[in-house]
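Down below is the structure, laid out as structure tokens.
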């Protein structure tokens, strides 16, 4: 009989996953994020986080069954609790999803705002979209979750 508990096995598997060296997939994700912001946002985000070294990549999870798949992604820290999250949707090198992650003004969570990815035009996203989002956030206090959501949980708004 196996004396290792399921919790111990899970801790072991997580440690193995976290200890793995960065893969080519992660390197490619950081490079793709930097290239995307340099191309689509050359005068704004491209200046701030346009180098591969600004991005930290995380491997995707492709478990079958009840678990959701997560694309390999890269994140860049902007300061003040604010992040950019980049992923290439559905493995297509042409469809980038860039999200601005901000702390919720309630202090208990985060809000995500996808910049410029429209279902009818998946290759959109530019500095005009970013400017509209930032203007909307500054003028309407969009960072706060809807009052119907308690406690605060991750919310994503599509721009």
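Peptides 5-13, 125-133 ranked from most to least packed by the mean count of surrounding Cβ atoms within 10 Å: 125-133, 5-13. Extending 7 Å from Cα along the Cβ direction at residue 89 and again at residue 47 yields two label points whose distance is 2.9 nm.
Shown for 139, 23: other C-beta atoms within 10 Å of each C-beta, ranked fewest to most, produce the order 139, 23.
Extending 7 Å from Cα along the Cβ direction at residue 27 and again at residue 13 yields two label points whose distance is 2.8 nm. If you plug the beta carbon distance of residue 132 and residue 5 into 1/(1 + (r/R0)^6) with R0 = 41 Å, you get a FRET efficiency near 0.20.
Bear in mind these aren't lab numbers, they're just calculated from the coordinates by the rules spelled out. Not measured: the values here are computed from a predicted model. Every residue, glycine among them, receives a Cβ derived from its backbone with ideal geometry; neighbour counts consider all protein chains shown.
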